[in-house]
Amino acid sequence: MAKKRQRIILHVDMDQFFAAVEEKERPEIRGKPVVVGADPKEGMGRGVVSTCNYEARKYGVKSGIPITRAWRLCPNAVYLPINYSLYQKVSARIMTILRSYADKFERWGLDEAFLDVSSRVKNFREAEKLAQKIKKQIYEKEGLTCSIGVGPNKLVAKIGSDFKKPDGLTVVRGEDVKAFLSLLRVSKLLWVGRKTENKLNSMGIKTIGDLASYDTSILVEKFGAAGTQLYLSAQGIDNSEIQERWTRKSMSREITFEEDTSDSNLILETLDAISEDLHRELTASNFTFKTTTVKVRYANFETHTHGKTLLFFTDRLRDIQKIARDLVQAYLRPDRKIRLIGVRLSNLFSTKKQMRLID
Ligand code: TTP
Ligand code: MG
């Protein structure tokens, strides 16, 4: 009788992606700390850091912190605005390379992807060689490094790619999964956010190993259905498939205010209304989504976008509204008037097969 074959999954994550692309484009800034995001305006700027290179991370700069804080931490860094169209072009070329190595392929945002290579390699040893080959090809073609995790499922592969960064390669065989996960902090499990982490810590659960040996019934009592998910993840169990998504790219709505405004109530209410609108379109066309991006244009036409990608597809209105409200917070300033706000949902997945369109 044929034994069910173990899957072999790769997760590829580009290193310091936006900053690395910028360094590639501008040899003169190589080796310097580079911060990509809002304009720091000599410490008076608004908005956040999108990403920065490892040189800048040494000073404590990281994704998501206010640009003013980055400026205080590292005034000598090279500050660059986000050049999405450039990153999109580079991303598309990288994704084409990655796709060619996979039986099943799932792109995740601009700089990550899952590859199911189960039928292309015989074992983890060969998978490791394949991963090296992929790293080499991306480096030769694009001059960029990435980190790769190889594991028996998406969960382990994803944690693996983050394990040794930059330019890392981490291979975790099925039999090593529990030992590999056990010493990592619970926050490495992707759906453990700050709140869940605090709650787990207060229960004495710090590492994934602590979680794995915890009483499941108490987890379910405290976290509901998510408790079971937490427990399974802690065991390194994840049966989710790599999903090729043949889908529309995005749907979006934006509104220009009658009069430029800094009234946060008005702005948040408008954002809720846009979210409702999008939610109607989403459900009417049977889509779910993973990425929410808000767009803010100030009175002087300075425009910012900021996005968040969830681990799972959702179509709930409250997810759209909550994420959009969270994302817009960084741009609400009593002293700055907003001209336009918008929301875009992307990473869409059609729940109706016949409606899937070629991406
Ligand atoms: P990440 O893969 O999280 O970060 P990174 O590639 O810059 O660095 P690392 O080496 O740690 O992987 O995100 C990919 C890109 O997405 C990143 O280059 C910029 C963008 N991004 C934002 O715009 N805002 C954010 O809050 C984050 C986390 C990323
Ligand atoms: Mg990355």
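Values for this structure:
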quantity	calculated
³J(HN,Hα), Karplus 6.51/-1.76/1.60, whole Hz, each residue of the stretch 295-305, x for Gly, Pro	10, 10, 10, 7, 4, 7, 6, 5, 10, 10, 10
Under the Karplus curve 6.51 cos²θ - 1.76 cosθ + 1.60, θ = phi - 60°, whole-Hz ³J(HN,Hα) for the stretch 36-50, x wherever Gly or Pro sits	10, x, 5, 6, x, 6, 6, x, 10, x, 10, x, 10, 7, 7
Between the stretch 53-125 and the stretch 170-219, the alpha-carbon center distance in angstrom	25 Å
Within the chain, helix-based [θ] at 222 nm, where runs of 4 or more DSSP H residues each add -39,500 (n - 2.57), nearest 500	-11500 deg cm²/dmol
When each of 104/133; 133/154; 89/129; 154/178 is checked by Cα-Cα distance, pairs over 24 Å	89/129
Sulfur and carbon atoms: percent of accessible area, the stretch 17-84 [1.4 Å]	50 percent
The chain: most fluctuating residue of 273, 234, 19 per GNM, C-alpha cutoff 10 Å	273
From phi via Karplus (6.51, -1.76, 1.60), per-residue ³J(HN,Hα) for the stretch 195-209 in Hz, x at Gly/Pro	5, 4, 4, 4, 4, 5, 4, 5, 8, x, 9, 10, 9, 5, x
Whole-percent carbon and sulfur share, accessible surface of the stretch 106-243, 1.4 Å	50 percent
Accessible solvent surface per residue of the chain, calculated while the other protein chains remain in place, 1.4 angstrom probe, Å²	51 Å²
27 Å Cα-Cα threshold exceeded, pairs from 58/337; 32/136; 165/322	58/337; 165/322
Longest to shortest principal axis, alpha-carbon extents of the chain, angstrom	72, 51, 48
Portion, in percent, of the accessible area of the stretch 268-320 that falls on carbon or sulfur, probe 1.4 Å	50 percent
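The values are calculated or read from the model by the stated rules, or taken from the named source; none is laboratory data. Everything numeric here is computed off the predicted structure, so don't read it as measured data. Just so you know, the surface numbers come from the protein's heavy atoms only, side chains and all, with ligands and any DNA or RNA stripped out. Shrake-Rupley method; radii C 1.70, N 1.55, O 1.52, S 1.80 Å.
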